[in-house]
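**Q** Before anything else, here's the structure in question.
The values are calculated or read from the model by the stated rules, or taken from the named source; none is laboratory data. Quick caveat, the model's predicted, so the values are computed rather than measured. Cβ atoms come from the backbone with ideal geometry, glycine included; neighbour counts cover every protein chain shown. Keep in mind that these areas ignore ligands, DNA and RNA; they rest on the heavy atoms of the full protein, side chains included. Shrake-Rupley method; radii C 1.70, N 1.55, O 1.52, S 1.80 Å.
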Amino acid sequence: MSNPPVDDAPSGGALLGAHWTQQGLPADDTDDADSTLGDEIESSTASISSSILNYRNINGRTYHSHAAMDEEYWAPNDPKHLEALDIFYHAIDMMLEGKLHQAPLSQNIENAVDIGTGSGLWAIDFADKYTNCTVIGTDISPVQPSWVPPNLLFEIEDATREWTFRDDHFDYIHMQLLNGAFGSLTHIYSQAFRCCKPGGWFEHVDTSVMVSSDDGSVEENSPLDQYGKLFEAAGNRVNRMSRTADFTTMEDAMMEAGFENITVKKFKMPISPWPSDQRMKEIGLYAYATMTTDVEGIIQFMFGTILGWSQQEIIVYAAYLRQQLRRRNVHGYYTLKVVYGQKPQ
């Protein structure tokens, strides 16, 4: 039976939630061994698997408290989403070949900060590597572990406000995976420049929300194609950048802030384990696990609260997204981008 016609979006635009519910739940195609990853991928991912504390609750998921920030942030802060973030952290760590930073840091650095530290994994690893460096991890929710290296401290701070750190203090400032957190990078990068020591480094790592393919297998208006477009549409409504890693946004803002020796590195991160190369296949497996562990949590706020989708529309879309992620002939990937620069001596 053919799908009913849908004319709720122009070609190349973001479709309405009704597009997915009109088609009903997708048929289970996991028994088609030639076209889907099926049990292979499921068995692999199974093995991976005060006022500040007054979190907002949306459909059973908790989000950052309004007391911690001026504006709302799209990502949940509950254990389920933190688990998904930790899985994605491992995928990025593999993509960057275990390097905690791309900037050429000295072994005797004294002070470093991780802005938007999330669960704190990167800050913990960095503090373990640079034991003589005082490391601070900031976030808008106190969700980090208490058992950490002695040279690491977690603090509550909203990076969109004026930073509380003193001028010319940090040898290294790190930011990672903050897509959708800022309306502009201008203020953020200017704060980083102010707080960075002369000769110190600032590094930002982020991914595009747009899922691409080199062979056209991520077809227009497919669930993966729509994912980035819908995220962008929601971000535009609340003045939040959702395509931080696209175009030349990061490097332009870094140059405008005053940094020099700016370096840009881009990587193609598979969104599922479709590559034949074993290392890239494993990276894709972790990226797949990130998405499928918490699809609803990732899209709940942006698609539901901002775009007005119903819970039924979110659930049906998530089912189509999971189905497409399992298909062997869909060769989708994110763009992972690393930009770092040095404050002039």
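**Q** Do we have Phe193 as part of a strand (DSSP E or B), closer than 13 Å to Pro344 by Cα and in contact with a helix residue (DSSP H, G or I) (Cβ under 9 Å, 6 or more places away or on another chain) here?
**A** No: the conditions fail for Phe193.
**Q** How about region 141-164: which of its residues are part of a loop (DSSP other than H, G, I, E, B) and open to solvent by less than 20 Å² (accessible area, probe 1.4 Å)?
**A** Selection gives Ser141, Pro149, Asp158, Ala159, Trp163.
**Q** Within region 224-253, how many residues are open to solvent by less than 10 Å² (accessible area, probe 1.4 Å) and under 26 Å from Gln323 (Cα atoms)?
**A** Number of matching residues: 8.
**Q** Something else: Let me confirm something: among Ile115, Ile140, which residue is touching a helix residue (DSSP H, G or I) at 6+ places or on another chain (Cβ under 9 Å), under 23 Å from Met250 (Cα atoms) and modelled with pLDDT of 95 or more?
**A** Ile115
**Q** I'd like the full set of residues that are outside any helix (DSSP H, G or I) and loosely packed, with under 15 Cβ neighbours inside 10 Å, limited to region 269-294.
**A** Ser276, Asp277
**Q** Right, something else. Taking Glu256, is it open to solvent by 30 Å² or more (accessible area, probe 1.4 Å), closer than 16 Å to Phe231 by Cβ and either outside any loop (DSSP other than H, G, I, E, B) or hydroxyl-bearing (Ser, Thr, Tyr) (or both)?
**A** no
**Q** Taking only region 83-111 into account, find how many residues are open to solvent by 60 Å² or more (accessible area, probe 1.4 Å) and under 25 Å from Asn261 (Cβ atoms).
**A** 6
**Q** Applying the selection to region 329-345, what residues are β-branched (Val, Ile, Thr) and open to solvent by less than 20 Å² (accessible area, probe 1.4 Å)?
**A** Matches in region 329-345: Val330, Val338, Val339.
**Q** So, one more: Would you be able to tell me the number of residues in region 129-169 that are more than 28 Å from Gly258 (Cα to Cα) and in contact with a His (Cβ under 9 Å, 6 or more places away or on another chain)?
**A** 1
**Q** Looking at (1) part of a strand (DSSP E or B); (2) open to solvent by 20 Å² or more (accessible area, probe 1.4 Å); (3) closer than 30 Å to Trp274 by Cα, can you tell me which one Val205 breaks?
**A** (2)
**Q** When you look at Tyr288, is it more than 19 Å from the chain's Cα centre (by Cα) and modelled with pLDDT of 90 or more, yes or no?
**A** So Tyr288 fails the test.
**Q** Same structure, new question: Would it be correct to say that Tyr172 is aromatic (Phe, Trp, Tyr), part of a helix (DSSP H, G or I) and touching a strand residue (DSSP E or B) at 6+ places or on another chain (Cβ under 9 Å)?
**A** Judged against the criteria, Tyr172 is not a match.
**Q** Is one or more of the residues making up region 231-245 in contact with a strand residue (DSSP E or B) (Cβ under 8 Å, 6 or more places away or on another chain) and assigned to a loop (DSSP other than H, G, I, E, B)?
**A** yes
**Q** Could you check Asp167 against (1) modelled with pLDDT of 90 or more; (2) buried (at least 20 other Cβ atoms within 10 Å of the Cβ); (3) part of a loop (DSSP other than H, G, I, E, B); (4) not polar (S, T, N, Q) and say which number it fails?
**A** The number of the failed condition is (2).
**Q** Let me ask another. Could you look through region 297-328, keep only residues that are modelled with pLDDT of 90 or more and touching a strand residue (DSSP E or B) at 6+ places or on another chain (Cβ under 9 Å), and pick out the one that is most open to solvent (accessible area, probe 1.4 Å)?
**A** This residue is Arg327.
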